[in-house]
Amino acid sequence: MHRDMEAVCLEICKTIRGKREIIEKLLMALLADGHILLDDVPGVGKTTLAVSLCRAAGLAFQRVQCTPDLLPSDLTGFSMYDRNSGDFIYRPGVLSGANLVLCDEINRASSRTQSALLEAMEERQVTVDGTTYPLKQPFTVIATQNSVGMAGTQPLPYAQLDRFLVCLSLGYPDYAAQMDMLRDRQQVNPLDLVSPRLDEGKILRLQQDVRSVHSGDRILDYITRLTLASREHPQVEVGISPRGALYLERMARAHAFMEGRDYTTGGDVQAVLEDTWAHRLVTKSGAASREVLRDLIKRVENPDRRKL
Amino acid sequence: MKKRYAIQILWVLSSALLFFFESSPGTCTILAASLLLPPLARCLPSRLSLLSPPPSGPLEREEKELLPGPSDALSELRPYVPGDPVRHIHWKMTARTGQVLVRIPGPSEDDPVPVSGKKESTGQVSPSRFIPRRFCLLLAGGLLFLLFLLLFPARESTLSLLNRIFDMSESRNAYVYDRFPVASAPGPLPSFILLILFSAIWCLFLFTVRSPWLNLLTAALLSVLQAYLGLPLPGAVNVLLYALLGLPLLRLSRRGLSCAAALILVFFLICHLFQGAFVPVEQASEQVRDLLSLTLEPSSLSRELQGVLKGRHVHDRSLLPGDGRAGEGQAFHLVLLTEKQISRPPWMDWGKTVLLLLGSLAVILLPFAPVILMESKRQKRQALRLLWQDMEPRQAVQAAFPRVVSCLDAAGFSQGNLLFRAWEEGLQVSLSPEYAADFGTCAEIYEKAVYSDGALLKEERDRVLALYDDTLVLMKTRCTFPARIRLELLA
């Protein structure tokens, strides 16, 4: 793995035990300049993970607890009349001052608030009263949703889900990880042990390096064939969009970068396919997205064998 | 020991008499280098000529790094020089480096050339055992041949056998019947047994000598006999015989193919020129004989037939007027001429011959088709292998590694649609951990060659080419027979 990312990963592993693979994918999404959706049950460490990531990467962190009464202006900011100066002053919202924003239970916010957030995610700027305010760079949103307790929630529609680069799930820790977690928290808060390894500038440079990773025609051909196959699969109702194909290619490049290569291979694509596409696929009743994606990998000829 | 020297000298003399027979190449533990080495050295370059000529100097440092380590019993390798024993060639390193390399044996290998003909440590039997075997076969065949000619009972039995054969041969019966006097011998059986023995000895001799030209000669004689006597063997037997006789011709590669085709052509041309060799002719002659049995009057014949009949009378004593058997001879010629008209109309004659020729060629060559195809594939593989050695590393890896994969696919060790990097786990189980590890490393090199723009190193290319060589060797030892055929034809 890349030296700097390895260091960040080790720092985060001090707080989250037994989830190294998820942590690496989180870092890949960060390097790919994408947003992350964590679909998990409560209490598995989503907030701890986000906070650890911010501390280890040296980024500014903000947390938003989405409730039904959360307003869009809470996120984007608002203009307020100042009686002393006689002018409107912009009061920045939660999104403005942070590199990493954790939106807990996004499915509890109203549709209007969700739209405001997603718009900011897409454009990396907010517009208040006709004035555009760019957000900090790098800017990443980690949104969480709890699929278990869906009462009183506004589930994200497919179009909104498509804007997230990856959908990850921490899940419960195994026995050994649970024991380590309990042991760690006897005397000290593990979050206090996390030290910064990077900063904003380094993250931006790393993102630039990821963009310069080479994806040859074989990889683009492979991704295209996968995309087309997803639309023709018998158990799929709505296949992968072109945005999904683009995100897969970005994520594959980040994977190659993390492996220490400057070129993407078929293995990179296959490694990130499920996490990148599982939440984008609308399957027919009874079909699990990940099963369909595994079937796609088996059916579509891998790029190693392909003769271009 | 003196007896063995005498036998070998006799063999040399008899080989001088049979100078047009090539000896089969093989390893030999030689007694007299000046007599036996030239054929061996002549045979050797046909296999080695595909490789680049060896340099005369010592090996370069780069090549020495590819040599086996110091734990090997051999002291070092050096380039091949004509005259070196074939068994000293290090084939694996030769394939890897592209130069013919031989081992310089250590002190333990300086044994004198064995003359006792005992089995050597390499497991190869000295061909000196073949020398008396061929000589014995020649001697036995010669004695039998003399028996046919010299001993009175055998000679008479032979005449009786010939008479029986010509009795059966309807087409030439009238011409040869009175060339051999009727024998008073006990019967054809002893001669028939001698004939079978002679044929068996001849077959054994052909098998030991394995000379393509001798086989061709035998096939031609067989054709002439069948055609002359008008007694063709059953079709399946003929196909089998000619297939077996034609097999050594394939060792001559393209020339072998031409010789096989020539062999078939000779057979059918001779059969065509001599009448009575085709079954349809025999069937037609039965019908005609039934028709002509009603009359023997020449005046009822057409003018054309009369003219031909008259022409024939000049050449054949048995058809002269006044001969008691003239009437029968006339009828026989009528049968011949009418057979020609009925069974082979002139306008179909050559067409039928060509069709029969092509059809028979196809049928007889059909069992050889896989062998021919495999041979040409093998030569292509060898040529490609040499080409890769000189190619730019990236191109060589892109060309060679898919070949390794197709070998594994053809041999039944494929891991399906998995990425090549992921094949290692499956190959560990089905082949060996060492090979699987090599494959995994080469898969990474292949990924680099295919997916990146960067240049590859020569060592990486050589590693992939070494994997290719190892794969071919491994597949030959680990494959089932059908898988080997698939490998030869498809990979």
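The values are calculated or read from the model by the stated rules, or taken from the named source; none is laboratory data. Being a predicted model, the structure only gives us computed values, none of them experimental. Backbone-built Cβ (ideal geometry, glycine too); neighbour counts: all protein chains shown.
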Query raised in the report: Would it be correct to say that B:Glu459 is without any contact (Cβ under 8 Å) to a residue 40 or more places away in the chain and within 13 Å of chain A (Cβ to nearest Cβ)?
Result: no
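Assess whether A:His255 counts as being crowded, with 19+ Cβ neighbours inside 10 Å and either within 19 Å of A:Asp33 (Cβ to Cβ) or within 14 Å of chain B (Cβ to nearest Cβ) (or both). Walk me through it before giving the result.
Details: crowded, with 19+ Cβ neighbours inside 10 Å: yes; either within 19 Å of A:Asp33 (Cβ to Cβ) or within 14 Å of chain B (Cβ to nearest Cβ) (or both): yes.
Yes: the conditions hold for A:His255.
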Report summary line: Looking across the stretch A:66-91 at residues that are exposed (fewer than 15 other Cβ atoms within 10 Å of the Cβ) and within 29 Å of A:Asp33 (Cα to Cα), the single one that is modelled with the lowest pLDDT is A:Arg91
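When you go through B:Ala483, B:Ala437, B:Ala399 one by one, which is the residue that is within 29 Å of A:Val269 (Cα to Cα), in a helix (DSSP H, G or I) and away from chain A (no Cβ under 14 Å)?
Working: B:Ala483 fails: within 29 Å of A:Val269 (Cα to Cα); B:Ala399 fails: away from chain A (no Cβ under 14 Å).
Of B:Ala483, B:Ala437, B:Ala399, the one residue that is within 29 Å of A:Val269 (Cα to Cα), in a helix (DSSP H, G or I) and away from chain A (no Cβ under 14 Å) is B:Ala437.
From the list A:Arg243, A:Arg299, A:Arg290, exactly one residue is within 13 Å of another protein chain (Cβ to nearest Cβ) and touching a residue at least 12 places away in the same chain (Cβ under 8 Å). Which is it? Let's see the steps before the verdict.
Numbers: A:Arg243 fails: within 13 Å of another protein chain (Cβ to nearest Cβ); A:Arg290 fails: within 13 Å of another protein chain (Cβ to nearest Cβ).
Every option except A:Arg299 fails the conditions.
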Query - Residue satisfying all of: in the stretch A:260-280; farther than 14 Å from A:Ser215 by Cβ and charged (D, E, K, R); farthest from the other protein chains (Cβ to nearest Cβ) among these - result: A:Arg280
Requested in this report: Taking the residues in the stretch A:205-223 that are of a type in the set (S, T, N, Q) and surrounded by 14 or more Cβ atoms within 10 Å (Cβ to Cβ) as candidates, determine which candidate is farthest from the other protein chains (Cβ to nearest Cβ).
Outcome: A:Gln207
Requested in this report: Look at B:Ala422 and say whether it is of a type in the set (Gly, Ala, Ser), within 26 Å of A:Leu226 (Cβ to Cβ), assigned to a helix (DSSP H, G or I) and facing chain A (nearest Cβ under 9 Å).
Outcome: yes
Report task. Kindly indicate whether A:Ile223 is outside any loop (DSSP other than H, G, I, E, B), at pLDDT 90 or above and of a type in the set (Val, Ile, Thr). Result -> yes
Report task. Just give me the residues in the stretch A:13-49 being farther than 18 Å from A:Asp174 by Cβ and of a type in the set (A, V, I, L, M), in sequence order. Result -> A:Leu26, A:Leu27, A:Met28, A:Ala29, A:Leu30, A:Leu31, A:Ala32, A:Ile36, A:Leu37, A:Leu38
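Within the stretch A:229-243, can one find any residue that is at negative phi and under 17 Å from the mean Cα position of the chain (by Cα)?
Applying the first criterion (at negative phi) to the stretch A:229-243 yields A:229-243.
Next, from what is left, pick out any that are under 17 Å from the mean Cα position of the chain (by Cα): A:243.
Checking the stretch A:229-243: at least one residue is at negative phi and under 17 Å from the mean Cα position of the chain (by Cα).
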